[in-house]
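The values are calculated or read from the model by the stated rules, or taken from the named source; none is laboratory data. Source: prediction; values computed, not measured. So basically every Cβ, Gly included, is an ideal-geometry build from the backbone, and we count neighbours across all protein chains shown. Side chains included, ligands, DNA and RNA excluded: accessible areas come from the protein's heavy atoms. Shrake-Rupley method; radii C 1.70, N 1.55, O 1.52, S 1.80 Å.
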Amino acid sequence: MKIRKISVIALALTLGLASCKTIDIAKVAGENQVVSVTAKKELSKEEKDNYMHLSLLDDHISGVSADKAHEALEGMVPTTVIVGVVDSGMDIEHEDLKNVIWTNAGEIAGNGIDDDKNGFVDDIHGWNFLGKMEGANLEVTRLYKKLKPLYEGKTAADVPAEKQEEFKLYEQVKEEYTTEFEKATTMYGQYKKMADMYEASKAAIAKKLGKEDYTLEEVQAIQTEDADFKQMIGLYAGMTAQGVDSKRLKRILKYFKSKTDYYLNTKENFRAVLNDNPEDITDTHYGDNDVIGNKETEQHATHVAGIIGAERNNGKGMNGIAGHVRIMSVRVVPDGDENDKDVALGIRYAVDNGAKVINMSFGKTYSPHRAWVADAIKYAAKHDVLLVKAAGNDDTDVDGKLHFPTDVALDGVSEIADNVISVGASTPYFNEKLPTDFSNYGQTRTDVFAPGFQIYSTIPNDKYEHFNGTSMASPVVAGVAAVIRSYFPKLTAAQVKQIILLSGNKTNQEVELPGDAEQKVPFTKLSKTGTVVNLYKAIELAKKVSK
């Protein structure tokens, strides 16, 4: 059923509770009042590490009031909620995750038999749709490879009328691919030169000071008449002051190297190892049960899982947003763009195996088999499963350019289901810096914002790290949804979505437009609700709705 996009603030959606009584959630919520507080400008290390849990009203930091919400829930009896993390490989052995990982009770580990007859052998903690595949193309590369043999060297006059649309797509992806390849090659060369200069400066400074570990202040205090050494000091000090270090430079170099070696590689067929037909959605017997993947190269899903449900109050690392969850790992995101087939089957796997919330921290700008994913989204809606997705990190207005996966119908206006939340990324600062400078946005296609700036969470091998991205904001909201579904299990996925959208911290203050700090726009113009998600207020609304 198609649901027309509307303003959830202006118009109530009447939804039915499982108890069969009808309740108007928007009427119960009332008008979402604009929040006005004096934002905290400087955060301590502890606040930076935990800000997603903090309260705007109490701490003057734009978190989701998770700690306050959990206090308000004391005395209530929760149920355990399964959260599917459709993502990369996940370290299910991590010290802060191992006790909250989903286990398939119907499967006997290691016997090589599909005990529960769900079509997947030994899927103890989830399923790996990528098998032994290492790396992948961007979707634009896959399309370019597919269309190039058909249209290379041709003009529009050479192409029959029924193929004109496909020819236009070829010209579009060819231009985009060529631009991306040239950019990746250039950027890798520039950053390689920068990294070499940085490491040379570090070594020279270490030799001068007689030690490997030193502070920026010690470097700035060095006295020298050597012009070359002065230049090294200046380069090191300047880059360090901007937060650049060896680890960050290595990540950047790895990214651009991956672009040329994998993302934009037109010669290799990385998927061949799966022995499946990526053009056939009914060909489902591929992959394996290794949901961990490579701990040295895959960090994303582990970070996402920690945000949702890292074991709370265990004295280790950090706390997840939700406390009574089991994390199901569904590996579909390679080092490159995810395949529509894997995404569609991954969503269905999570639904069929009991997930009530699914997080999707990935995305791309082309979706050749968009219908397969749309059908999976509708399948999740039919089974009362809430999907939470990242809005994307291209500082782009997605009202004008779709970011896949999407719940937007082919007409570009209506929604295919009412169970999807699209999330932009916010900072801790409730002022003009509230949206991150990288987040996608859109007044109709982005629902809400949530913390996604320097989020501290789990990474493989019992480590922790700060990551940026709407990939981090999405699991914050997935965690919020899991808490609501845990304590208010009679609420439907559509109702939980409405509660989240109607209970955030709203502001109409002028903020910097992502990607263009010189341009100021009202924060209300960046999403459908103009809010940052707030778990405490969502819980209070859920209590009222559930009476």
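Out of the residues in region 271-304 meeting the condition of being in a loop (DSSP other than H, G, I, E, B) and polar (S, T, N, Q), tell me which one is least open to solvent (accessible area, probe 1.4 Å).
The qualifying residue least open to solvent (accessible area, probe 1.4 Å) is THR284.
Give me the residue from region 79-112 that is of a type outside the set (Gly, Ala, Ser) and without any contact (Cβ under 8 Å) to a residue 40 or more places away in the chain and, out of that set, farthest from ARG326 (Cα to Cα). It would help to see each step written out before you state the result.
Start the filter on region 79-112 by keeping residues that are of a type outside the set (Gly, Ala, Ser), which leaves 79-83, 85-87, 90-104, 107-108, 111.
Next, only the ones that are without any contact (Cβ under 8 Å) to a residue 40 or more places away in the chain stay: 98, 107-108, 111.
Details: LYS98: 10, GLU107: 16, ILE108: 18, ASN111: 23 Å.
So, considering only residues that are of a type outside the set (Gly, Ala, Ser) and without any contact (Cβ under 8 Å) to a residue 40 or more places away in the chain, the one farthest from ARG326 (Cα to Cα) is ASN111.
Might you check whether a residue that is modelled with pLDDT of 75 or more and in a helix (DSSP H, G or I) occurs anywhere in region 5-25? Walk me through how you get there before you give the answer.
At the first step, the residues of region 5-25 found to be modelled with pLDDT of 75 or more are 24-25.
Filter once more, so that each one left must be in a helix (DSSP H, G or I): 25.
Among the residues of region 5-25, at least one is modelled with pLDDT of 75 or more and in a helix (DSSP H, G or I), which makes the answer yes.
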**OP:** Would you check if THR240 is surrounded by fewer than 17 Cβ atoms within 10 Å (Cβ to Cβ) and among the β-branched types (Val, Ile, Thr)?
**Re:** no
**OP:** Among the numbered conditions (1) in contact (Cβ under 8 Å) with a residue 60 or more places away in the chain; (2) of a type in the set (Phe, Trp, Tyr); (3) more than 30 Å from LYS145 (Cβ to Cβ), tell me where TYR188 comes up short.
**Re:** (3)
**OP:** Would you point out which residue out of ALA542, ALA517 is farther than 19 Å from ASP58 by Cα, touching a residue at least 12 places away in the same chain (Cβ under 8 Å) and outside any helix (DSSP H, G or I)?
**Re:** ALA517
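Tell me which residues, restricted to region 196-211, are more than 20 Å from ALA221 (Cα to Cα) and in contact with a Ser or Thr (Cβ under 8 Å, 6 or more places away or on another chain).
Step one: of region 196-211, the residues more than 20 Å from ALA221 (Cα to Cα) are 196-197.
Answer for region 196-211, where residues must be more than 20 Å from ALA221 (Cα to Cα) and in contact with a Ser or Thr (Cβ under 8 Å, 6 or more places away or on another chain): there is none.
Could you pull out the residue among ALA381, ALA371 that is farther than 18 Å from TYR441 by Cα, assigned to a helix (DSSP H, G or I), open to solvent by 10 Å² or more (accessible area, probe 1.4 Å) and without any contact (Cβ under 8 Å) to a residue 24 or more places away in the chain? Give the derivation first.
On the way: ALA381 fails: without any contact (Cβ under 8 Å) to a residue 24 or more places away in the chain.
Unique residue meeting the criteria: ALA371.
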**OP:** Please specify each residue of region 172-212 satisfying the condition of being among the hydroxyl-bearing types (Ser, Thr, Tyr) and surrounded by 16 or more Cβ atoms within 10 Å (Cβ to Cβ).
**Re:** TYR177, TYR188, TYR191, TYR198, SER201
Original post:
Just for region 60-119: of the residues that are within 27 Å of ILE500 (Cα to Cα) and of a type in the set (S, T, N, Q), which one is surrounded by the most Cβ atoms within 10 Å (Cβ to Cβ)?
Top reply: SER62
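Among ILE421, ILE416, which is more than 27 Å from PRO522 (Cβ to Cβ) and either modelled with pLDDT of 95 or more or more than 14 Å from the chain's Cα centre (by Cα) (or both)? Steps first, please.
Values: ILE421 fails: more than 27 Å from PRO522 (Cβ to Cβ).
The match here is ILE416.
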**OP:** Return only the number of the condition from (1) crowded, with 16+ Cβ neighbours inside 10 Å; (2) among the polar types (S, T, N, Q); (3) in contact (Cβ under 8 Å) with a residue 60 or more places away in the chain that THR266 does not satisfy.
**Re:** (1)
Original post:
Checking ASP437 against (1) open to solvent by 30 Å² or more (accessible area, probe 1.4 Å); (2) more than 21 Å from ALA301 (Cβ to Cβ); (3) within 14 Å of the chain's Cα centre (by Cα), which single condition isn't satisfied?
Top reply: (3)
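Condition first: among the basic types (Lys, Arg) and either buried (at least 23 other Cβ atoms within 10 Å of the Cβ) or over 21 Å from ILE421 (Cβ atoms) (or both). Now tell me which residues in region 498-528 satisfy that.
Within region 498-528, just LYS520 meets the criteria.
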**OP:** From the list ILE233, ILE205, ILE222, pick out the single residue that is free of Cβ contacts under 8 Å to residues at least 40 places away in the same chain, of a type in the set (A, V, I, L, M, F, W, C) and not in a helix (DSSP H, G or I).
**Re:** ILE222
**OP:** Scan VAL357, VAL325, VAL333, VAL343 and give me the residue that is open to solvent by 10 Å² or more (accessible area, probe 1.4 Å) and either under 17 Å from the mean Cα position of the chain (by Cα) or farther than 25 Å from ASN269 by Cα (or both).
**Re:** VAL333
